[in-house]
1. If you count only protein heavy atoms with a 1.4 Å probe, what accessible area per residue comes out for the chain, rounded to a whole Å²?
2. Under the rule a/c < 1.5 gives rounded, and otherwise a/b versus b/c splits prolate from oblate, where does the stretch 42-100 land using the Cα gyration tensor?
3. Return a single number: how many Lys pairs in the stretch 1-148, at a sequence separation of 8 or more or on separate chains, have alpha-carbon atoms below 20 angstrom apart.
4. If you count, for each residue, the other Cβ atoms within 10 Å and average over each peptide, how do 97-106, 123-132 line up from highest to lowest?
5. Determine the share of the stretch 1-62's accessible area contributed by carbon and sulfur atoms, expressed in whole percent, with a 1.4 angstrom probe.
6. For the stretch 62-167, what class follows from the C-alpha gyration tensor (a ≥ b ≥ c being the square roots of its eigenvalues): rounded when a/c is under 1.5, otherwise prolate if a/b is larger than b/c, else oblate?
7. Given points 7 Å out from each Cα along the Cα-Cβ axis, report the residue 137 to residue 16 separation in nanometres with one decimal.
8. Among (i) 0.99; (ii) 1.60; (iii) 1.36, only one was calculated for this model; which label is it, if the read-out is Cα Rg over 2.2 N^0.38 Å?
Amino acid sequence: MEHATCEIHFTDRSRLKLLESSTATVKARMGAMRETLGSGETQRFNRAMVYKMISPLAQFHRDYQPLDEVIIDSNSLEVFSQVNFKGVQAAGNFFAHPAYIDGLTQAGGFVMNCNDSNDLAVEVFVNHGWESLQLYEPLQKEKKYKTFCHMSPGDNRKFHGDVVVFDESEKIVASYKGIVVSCSHQTETCEAN
């Protein structure tokens, strides 16, 4: 069974330039999400809470538990996270460790499974990869990262989103285009939230 395929392309930085032009808007939204925690419009989860909540669906090896904090907006299906790779035991020789690549996308699945409208006894959302990943800087174990993602309904019970990754200096270091999570039926009724 083939789970995934990959093609590597060296591209220009046009997508980075486009993302940089919207950085102020994304950062403002991340700030607004943190500010509305007190009113209940958004919810915050720490590392232990994130992986305990998702444990009925999936068991993550310790190397694949990099989310320090997740803040979600259940109404808009927006999420931002703080990611820390210090716990990853990076055996092997990788340009970007698989745990880093996976960890930067986890918040998109978390917002789908743990938003206020979802009932995990009925709907479970599973990550099916992404259309493209661009790394603009090497990912480093010593650095902390922030991600922002907005999931939107698509066809065939699938939701799509793009992820922007910032380093500690607020510089965009990576982006994922077309993350896909699909409803895996606990029942056959996976609806757009």
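The values are calculated or read from the model by the stated rules, or taken from the named source; none is laboratory data. The shown structure was predicted, so the numbers you read here are calculated from the model rather than taken from an experiment. Please note: Cβ atoms are built from the backbone with ideal geometry, for glycine as well, and neighbour counts cover all protein chains shown. These area figures cover heavy atoms from the full protein model, side chains too; ligands, DNA and RNA do not enter into them. Shrake-Rupley method; radii C 1.70, N 1.55, O 1.52, S 1.80 Å.
1. 55
2. It is prolate, given that a/c is not under 1.5 and a/b is the larger ratio.
3. Count of close lysine pairs: 10.
4. Numbers: 97-106: 21.0, 123-132: 17.2.
Top of the packing list down: 97-106, 123-132.
5. About 57 percent, which is the carbon plus sulfur part of the accessible surface.
6. Prolate shape, in that a/c is at least 1.5 and a/b is the bigger ratio.
7. 1.0
8. Working out Cα Rg over 2.2 N^0.38 Å from the coordinates points to (i).
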